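A.B. asks: Before we start, here is the structure in question, set down as structure tokens.
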Amino acid sequence: MEKGYFPFATILRSPMFRFCFLGSGTSQGVPVIAKDYPPEFLANPKNHRLRPAIYVETEKIAFTVDTPPEFRLQMLREKIKHLDAVLITHAHADHIMGMDDCRRFCDISGDQPLPVYAIQQSMDLLRKIFFYAFREGPHPHGYFVPEPHIVTSEFQLGDLTVRPQLLDHIYITSCGYLFIQNGIKKLAYLTDCKYVPDKVIEDVKGVEVAVLDGLRIKPHPTHMNLEEATAVAERIQAKTTYLTHLTHAYDHDVHQAQISKEHPNLFLAWDGLWIDL
Ligand SMILES: [Zn+2]
């Protein structure tokens, strides 16, 4: 056989699935307003965290999970030129306040509405906050035109099966998402939760990549801290786990080195990190 000839290579090539951490920071972002940090902390770009969201891309579909306040800057930074949909975890400000900037994607698609997926509770809040957009048309040219889709159960998005995962964020329900491509559990995005129910852990178990809320080192009333997130990661048994929604309590390289000693497959996310699956 000719050297380097692998007849099955093309057949076995899995379809493209990649995602990017648009932001890995907590609700205030990092650094926070009006606080002095050691120069070494600020010198590391991985310690600069915008509010949390991911962008997901396959050959068939491109979407974000959440539209944080820095959505416009995140779209510019990653040179995103097209969106087919937006999925919302929950309607806290740090996850939705950039939604109006979706208007540009409506504009370049010829004033087409942009599908917005959210659970009923979140959609009701979105309708109140963005009341001028969530209404019957006609909308003026160049405005944001959402097409609401209430998430109640599994749905299809391009070549992905999306399974909603309800999470306990104490004062509000957050909706995580499991993305399945060709029967393979590719990514579970589970942010903003104090607890991950057993049912969710069972459903996402063995996923290639899990992204978990891992706010900070100290406990917090509505988010998982490092210890809680690590315990959940051990139960989910993803090939790789990333923690997101991170405060300035994490000095990326310092804490990553500590985490890696005991948990070689557990990583702190950082803004602009792309993962190919
Ligand atoms: Zn939240």
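A.B. asks: Quick check on the stretch 245-264. Is at least one of its residues out of contact with any Ser or Thr (no Cβ under 6 Å at 6 or more places or on another chain) and either at pLDDT below 95 or of a type in the set (Lys, Arg) (or both)?
C.D. replies: The answer is yes; a qualifying residue exists.
A.B. asks: OK, next. If you scan the stretch 217-252, which residues turn out to be within 16 Å of the ligand (Cβ to nearest atom), under 22 Å from ASP203 (Cα atoms) and part of a strand (DSSP E or B)?
C.D. replies: LEU243, THR244
A.B. asks: A further question follows. I'm trying to understand the selection: among the residues of the stretch 120-140, which are exposed (fewer than 15 other Cβ atoms within 10 Å of the Cβ), part of a loop (DSSP other than H, G, I, E, B) and not acidic (Asp, Glu)?
C.D. replies: Of everything in the stretch 120-140, those that are exposed (fewer than 15 other Cβ atoms within 10 Å of the Cβ), part of a loop (DSSP other than H, G, I, E, B) and not acidic (Asp, Glu) turn out to be PHE131, TYR132, ARG135, GLY137, PRO138, PRO140.
A.B. asks: Residues to consider are HIS139, HIS90; find the one that is within 19 Å of the chain's Cα centre (by Cα) and not aliphatic (A, V, I, L, M).
C.D. replies: Just a single option satisfies the conditions, and that option is HIS90.
A.B. asks: Something else now. Determine if the stretch 95-115 includes at least one residue that is farther than 21 Å from ARG18 by Cβ, within 16 Å of the ligand (Cβ to nearest atom) and in contact with a helix residue (DSSP H, G or I) (Cβ under 6 Å, 6 or more places away or on another chain).
C.D. replies: Yes, some residue in the stretch 95-115 is farther than 21 Å from ARG18 by Cβ, within 16 Å of the ligand (Cβ to nearest atom) and in contact with a helix residue (DSSP H, G or I) (Cβ under 6 Å, 6 or more places away or on another chain).
A.B. asks: Right, something else. Determine the pairs where a residue that is in contact (Cβ under 8 Å) with a residue 24 or more places away in the chain and more than 18 Å from MET16 (Cα to Cα), located within the stretch 162-187, has a partner that is within 11 Å of the ligand (Cβ to nearest atom) and among the basic types (Lys, Arg) with Cβ atoms under 8 Å apart, the partner being 6 or more residues away or on another chain.
C.D. replies: Correct list of pairs: ASP168/LYS194; HIS169/LYS194; ILE170/LYS194.
A.B. asks: Quick one: in the stretch 141-173, of everything that is within 16 Å of the ligand (Cβ to nearest atom) and either within 24 Å of GLN112 (Cβ to Cβ) or among the polar types (S, T, N, Q) (or both), which residue is surrounded by the most Cβ atoms within 10 Å (Cβ to Cβ)?
C.D. replies: My answer is GLN165.
A.B. asks: Cβ contacts < 8 Å: first residue touching a residue at least 24 places away in the same chain (Cβ under 8 Å) and aliphatic (A, V, I, L, M), restricted to the stretch 14-26; second residue in a strand (DSSP E or B) and buried (at least 24 other Cβ atoms within 10 Å of the Cβ), any location; separation 6+ or different chain. Result?
C.D. replies: LEU22/ALA53; LEU22/ILE54; LEU22/THR64
A.B. asks: If a residue has to be in a loop (DSSP other than H, G, I, E, B), more than 14 Å from the ligand (Cβ to nearest atom) and either at pLDDT 95 or above or surrounded by 14 or more Cβ atoms within 10 Å (Cβ to Cβ) (or both) to count, how many in the stretch 190-215 make the cut?
C.D. replies: Keep residues of the stretch 190-215 that are in a loop (DSSP other than H, G, I, E, B), which gives 191-194, 196-197, 205-208, 214-215.
Remaining after also requiring more than 14 Å from the ligand (Cβ to nearest atom): 196-197, 205-208.
This time we only want the ones that are either at pLDDT 95 or above or surrounded by 14 or more Cβ atoms within 10 Å (Cβ to Cβ) (or both), so: 196-197, 205, 207-208.
So the count comes out to 5.
A.B. asks: Within the bounds of the stretch 105-119, is there any residue that is in a loop (DSSP other than H, G, I, E, B), crowded, with 19+ Cβ neighbours inside 10 Å and touching a strand residue (DSSP E or B) at 6+ places or on another chain (Cβ under 9 Å)? Show your work before the answer.
C.D. replies: Taking the stretch 105-119 as the starting set, the residues that turn out to be in a loop (DSSP other than H, G, I, E, B) are 109-113, 119.
Filter once more, so that each one left must be crowded, with 19+ Cβ neighbours inside 10 Å: 119.
Narrowing the set further to residues that are touching a strand residue (DSSP E or B) at 6+ places or on another chain (Cβ under 9 Å) leaves 119.
Yes, some residue in the stretch 105-119 is in a loop (DSSP other than H, G, I, E, B), crowded, with 19+ Cβ neighbours inside 10 Å and touching a strand residue (DSSP E or B) at 6+ places or on another chain (Cβ under 9 Å).
A.B. asks: Residues THR161, THR191: which one is within 23 Å of LYS60 (Cα to Cα) and of a type in the set (S, T, N, Q)?
C.D. replies: Step by step, each of THR161, THR191 is checked, and only THR161 is within 23 Å of LYS60 (Cα to Cα) and of a type in the set (S, T, N, Q).
A.B. asks: Also: Kindly evaluate ALA118 against the criterion of being within 15 Å of the ligand (Cβ to nearest atom), farther than 22 Å from LEU160 by Cβ and in contact with a Leu (Cβ under 7 Å, 6 or more places away or on another chain).
C.D. replies: Here the answer is no, as ALA118 does not meet what is asked.
A.B. asks: In the stretch 1-48, what count of residues is obtained for those that are modelled with pLDDT of 95 or more and outside any loop (DSSP other than H, G, I, E, B)?
C.D. replies: We begin by selecting, within the stretch 1-48, every residue modelled with pLDDT of 95 or more; these are 16-48.
Among the residues that remain, those that are also outside any loop (DSSP other than H, G, I, E, B) are: 17-23, 25, 30, 39-43, 45-47.
Residues meeting the conditions: 17.
A.B. asks: A further question follows. Taking the stated definitions as given, is PRO264 away from the ligand (no atom under 16 Å from the Cβ), free of Cβ contacts under 8 Å to residues at least 60 places away in the same chain, in a loop (DSSP other than H, G, I, E, B) and not aliphatic (A, V, I, L, M)?
C.D. replies: Answer is yes for this residue.
The values are calculated or read from the model by the stated rules, or taken from the named source; none is laboratory data. As the structure is a computational prediction, the values presented were derived from the model and not from experiment. Note that we place each Cβ from the backbone using ideal geometry, even for glycine, and neighbour counts take in every protein chain shown.
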